[in-house]
Each structure stands twice: as structure tokens, then as C-alpha cells.
Amino acid sequence: MSVRAKPRKVQDENPGAFVAKSLPTTRKMSAPRNEEDKKSTDAKARCPSKLQGSQDARPSKSTRDANSTKEPETPKRTKSGENKGASCCPVRRDNSIKENPRRDLQSAPEKVKKSQRSESAKTMDTKVSRPPKPREVQEVCSTRRDTNNTKEAQAPKTAKSVEKETAPICSARRGSSIDENPSKVLQTALEKLKVKKNQRSESAKCVNNIQNRVTEYVKLHLDWCKDISVLKTGSYYENVKIYEPDEFDVMMTVRVDRVKLLPFSEDGAFYSVEMKRQSSRHPLEKFVNEERTIMASKMLDDFREKVKEAVKELQNVSLERKKTGCPAVTLLVNEKGKQISIDFVLGLEVHTSWPSFTQGGFSIENWLSKKVKQDQKGKPFYLVPKYEGRGSAEQDGIMAKNAWRISFSHVEKYILKNHGNSKTCCEGGQKCCRKQCLKLLKCLLQRLKEAHPEDADKLCSYHAKTTLLHACAARVKDSEWESSELNHCFQQLLGDFEENLRACQLSNFFIPSQNLFKGISRKKCHLLADYIESQRNNGFPLLS
């Protein structure tokens, strides 16, 4: 109050002396005000979004200089002795400095404190209009804005660069990133590959009804099928089916005795069947030509016609179009909105010793024992009416469409069901991962065919099964296939398949001279090997 009272006293005594004495007083007070400006400027540099109120309360430098040199107007006194300038009425912000500069200088620190208390609330509003800032504050704020804009501009660029770096890996996947734990990927994939029990029972019931109907009809209407036998084979009956139970293989076999097998190909997989002299009443006599060779094409046509008649009255069953070189008569069944395919395969049951081409194959002595091998080789083998290439191609006067391919599907079924080196494998608490590895490899090949249809069109599930049989014969101990080592075991199996592709050689497990990759070019084999290698190194993205 002493500061305000002194100039008032001088004004009463000598109005002319007020100007001379008030000027030094105003300059002295400007020094603390400049300190407050400096503090406020530093605060604004740290946070560009200051309150509008703090900026309004602080006059600019040019305004203060003008006010300090200007002679203030003499305030008029009221009857109560108070100045009109000290009225409690609010003063407009734009002319407050002109009306009473000394009051604003004293009240500025209080306004700065109020602005600091509400600073956190005001910083969220970036659209508040502001009066012109001091030059130093503007320079600092502009520097901050430029820095922030640079960071914001760089952020999308960094995101794009990261996305670009991960793109080659993620492109092989189905919309997900690579999991750092391959074992988790494999376990998750196996859960998705499981066949549900209710689906299994429903599909099996449907297939059994149709199979019984076809079998009864064929036995009644084909004299050479009166003693026909049914042999159920394939992945469903081997418990290695994946996804859904929608494919079934049923072999219908006819026993033949006193036959001679003549190799039709160099690899020992295809044969012509010559019947030795028998009674003219033999049911297969009508399919034998002048060279005593059983014509597979005519026998298959007769069988196909009767199967078609057997299901003619079933509304939900249709006959699939005949495929070149295919030994199966395929029925398509619509069951509760899902399609099931049943392959009825005609076969000859041959009761002779295995062909000489099988020597060196079927090496299960160290794996399943010599006794098991002898027992299986003592059983009959089967021939199915399948050929390669053009059906009209001839060899020694026999056309390819009349050739037969040897099949050991019944032995494969037995091996996969009794796959342990010990009899207790997969019984109780001791379990292996042989079948799990086969399922995963089948799934991977299927996904590979979907991703690269032109390169992987020749791959099939039998390639996966053959690779597993070779691996089991090489790594015979159950401890090498522990379920806890699924990732390691599958990596080894996938490595075996990759090596076979690079060598362009996958020998039939029973006939070593037959190369199952014969129909795949060397270029495609190497390309497929690169695909497999990429899957191994990147955590199996196709299985995700």
C-alpha cells in the first residue's frame, strides 16, 4: 500500500511533480515484471499450449514501454475517497493495461499462478485462439512444433518400413504372423486336424449302409463276384485322416489262383496277369484274351456298371465321372449338407509269393521284427486295374489299359496300426508322435498345393505316408518318436522329405526300384524343396 499511497500524495500537493517521480517508480517495478516475464516465457517454452488467460494478463514488451513513458491520467475521487479505477467491475482485457497499468503489473503473478493450476486442463484443447505471443516464445514454440511435425511425419514411414521388412515372411502365411514357438504352432494345427467323434460315427454309418447295399447287389448280379471280399483301407481306417471324414476307400477283391505275373514296366510296379489253363467254367474266363491275359479294362467296366445300378434309386448318391487310369468307381454322397466320396476299388487277390522287385524293400526287421515281416509276406497281395500314360500304348502286345498295379495297402494298414518298436507303444501313458507327424506332413502338402497349384500339383498323401515309413525304418526306437519331441521329430521328417525332393528320388517302401517322383520334373522338385526349407526355417507358416 506504501507504493500506491506515495504517488497519490505527490499528486495532491503538486500535480506537475507526479510525472517526474512516478517514472522512476514505474521503471523499478518493471524489473520484477521482467523477471516474471522470463519465468513465464520459460514455462511456455516447456509447454507450448499455455492458457489464454496467462497470455492476456501479461502485456507485450512494446506495450509496457509505451505505458511507462506515457503520463497517466489523474484518477477522479469519489465521495468515499476511492478511485474510480479501483472499481470492482471487470475490466476488458484489450484495454486493461491502458486504464490501470500498475494494477495489472501487481496482479500478473496471481494470474500466472492461476494459469499454471489450470494448465493441465487447457493443454488438451489445441484449437483455442491465442493473441500474439512474445517474439522469444514464438520462436521456441515454432521450434517445438517443427520437431513434433517431423516426428509425426516419420512415424508412418517407420511403420511402413517395419511392415515391408516382415512382408516376405508373412506372405506365406494365412493372415497371421510367425509364432516364435514352432511347437505351439504344431500343437494348434493338430487340434484343427482332429476328426470329431460325432462326425466320424455319422459318416461311418452312412458309408457302411451304402457299402452293404453295393456289395449285396454286385454279388447277386455278377457271377464272378459271388465270392467277392471287402477290404477297407485308406487313411480313415488307418486313423490318419485329417479335417473331416469325407473320403473312404473300399477294395472289393476277387481271388485268383494259378496266375503268372509279367512285368509291364521297368520299375516293377505294373504287371500283366496271365491265367494258366483252367476250366472254361471259371467266372473270369470271359475277360481273358487269346494270350490268356486278364483284360483289366473290360473287368472294370462290368464292375462299374453294376455299382451304378446298385445306387440308382438312392437320391442323395451320384456316380462321379470316370477318370483316366483310375481303378476306382467313385460315389458322391450328400449327407446332411456335406459331401462324402466313397471309392470302390476292384482288386485281384493273388496267393503267390511276392514279386522279385520287392526284394530289398519292406525293411522292417529292426523296427517291427523279422517275424512280423515274414508273417506279412506270407499273406496275399493285391492288384488293381491302374495304368500310367496312354491306355492304348502297347507292350508285348498288351495295352496299358489292361495292366494292373501291385498294392500293399493291407500291409500299410497293419503297420500304421502296430507301429511301435515295443508292443506297448501308444498304450497307456507311453505315446509316440509317428501318426501326428504324418498328419502334419499331409496337411502341409495339401496347403502347399493350394499355395502353389502349378508347382505342387503332382504331390499326394501317399508321398507323405511313404516318407514316414522310411523314417520309421531308419529311426526304429520309440524313444526317438516321443510325443514331447513333436517339433524335433517333425523337423526331421520334413528334412527327409526335402532331401528326397532335392535328389528327385522317393523309393516305394515295398518296391525300391519304383521312384514315386518319376512324374515330377527336376526343376519342380528343387523348387518344392525350397518351399519346404522355407517352412522349416520360418516356423511352418502354412500350418498356422
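Within the range 253-303, the set of residues being aliphatic (A, V, I, L, M) and in contact with a helix residue (DSSP H, G or I) (Cβ under 7 Å, 6 or more places away or on another chain) comprises V254, L284, I294, M295, A296, M299.
Per the conditions (1) of a type outside the set (D, E, K, R); (2) out of contact with any Ser or Thr (no Cβ under 8 Å at 6 or more places or on another chain); (3) closer than 20 Å to G389 by Cβ; (4) at pLDDT 90 or above, the sole criterion not satisfied by S265 is (4). Evaluating T253 against the criteria (1) modelled with pLDDT of 95 or more; (2) of a type outside the set (A, V, I, L, M, F, W, C); (3) part of a helix (DSSP H, G or I); (4) buried (at least 19 other Cβ atoms within 10 Å of the Cβ) leaves one unmet condition, (3).
Can you name the number of the only condition in (1) of a type in the set (S, T, Y); (2) part of a helix (DSSP H, G or I); (3) open to solvent by 20 Å² or more (accessible area, probe 1.4 Å) that T467 fails? Going through (1) of a type in the set (S, T, Y); (2) part of a helix (DSSP H, G or I); (3) open to solvent by 20 Å² or more (accessible area, probe 1.4 Å) one by one, T467 breaks only (3). For the range 386-403, the set of residues classified as modelled with pLDDT of 85 or more and among the polar types (S, T, N, Q) consists of N402 only.
When L441, L493, L459 are checked against the criterion of being under 25 Å from D249 (Cα atoms), part of a helix (DSSP H, G or I), open to solvent by less than 50 Å² (accessible area, probe 1.4 Å) and of a type outside the set (V, I, T), L441 stands alone in meeting it.
Within the range 480-494, which residues are touching a strand residue (DSSP E or B) at 6+ places or on another chain (Cβ under 9 Å) and either small (G, A, S) or over 17 Å from Q535 (Cβ atoms) (or both)? If the condition is that a residue be touching a strand residue (DSSP E or B) at 6+ places or on another chain (Cβ under 9 Å) and either small (G, A, S) or over 17 Å from Q535 (Cβ atoms) (or both), then E480, W481, E482, S483 are the ones that fit. Just one of the listed residues (V240, V250, V214, V185) is among the β-branched types (V, I, T) and under 16 Å from L348 (Cα atoms), and it is V250.
Condition check ((1) in contact with a His (Cβ under 7 Å, 6 or more places away or on another chain); (2) surrounded by 14 or more Cβ atoms within 10 Å (Cβ to Cβ); (3) small (G, A, S); (4) part of a loop (DSSP other than H, G, I, E, B)) across all residues:
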| residue | (1), (2), (3), (4) |
| --- | --- |
| F357 | no, yes, no, no |
| N366 | no, no, no, no |
| K371 | no, no, no, no |
| Q374 | no, no, no, no |
| K386 | no, yes, no, yes |
| G389 | no, no, yes, yes |
| R405 | no, yes, no, no |
| H410 | no, yes, no, no |
| Y414 | no, yes, no, no |
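Of all residues in the range 349-362, one or more are among the hydrophobic types (A, V, I, L, M, F, W, C) and under 37 Å from the mean Cα position of the chain (by Cα). Residues of the range 209-244 that are under 30 Å from L445 (Cβ atoms), at pLDDT 95 or above and open to solvent by 50 Å² or more (accessible area, probe 1.4 Å): V230 alone.
Scanning the range 514-544 for residues that are buried (at least 17 other Cβ atoms within 10 Å of the Cβ), of a type in the set (G, A, S) and part of a loop (DSSP other than H, G, I, E, B) gives G539, S544.
On the stretch given as the range 290-324, residues that are touching a residue at least 60 places away in the same chain (Cβ under 8 Å), open to solvent by less than 60 Å² (accessible area, probe 1.4 Å) and assigned to a loop (DSSP other than H, G, I, E, B) total 3. Look at (1) surrounded by fewer than 19 Cβ atoms within 10 Å (Cβ to Cβ); (2) within 41 Å of the chain's Cα centre (by Cα); (3) of a type outside the set (K, R) and you find that F248 fails only one, number (1). Show the residue pairs that are 6+ apart or on different chains and have beta-carbon atoms under 8 Å apart, the first residue being within the range 189-218 and outside any helix (DSSP H, G or I), the second being modelled with pLDDT of 95 or more and open to solvent by 50 Å² or more (accessible area, probe 1.4 Å). Pairs found: none.
The values are calculated or read from the model by the stated rules, or taken from the named source; none is laboratory data. This is a predicted model, so every value here is computed, not measured. A quick note on method: Cβ atoms are made from the backbone with ideal geometry, for glycine too, and the neighbour counts reach across all protein chains shown. SASA here: full protein model, heavy atoms, side chains in, ligands and nucleic acids out. Shrake-Rupley method; radii C 1.70, N 1.55, O 1.52, S 1.80 Å.
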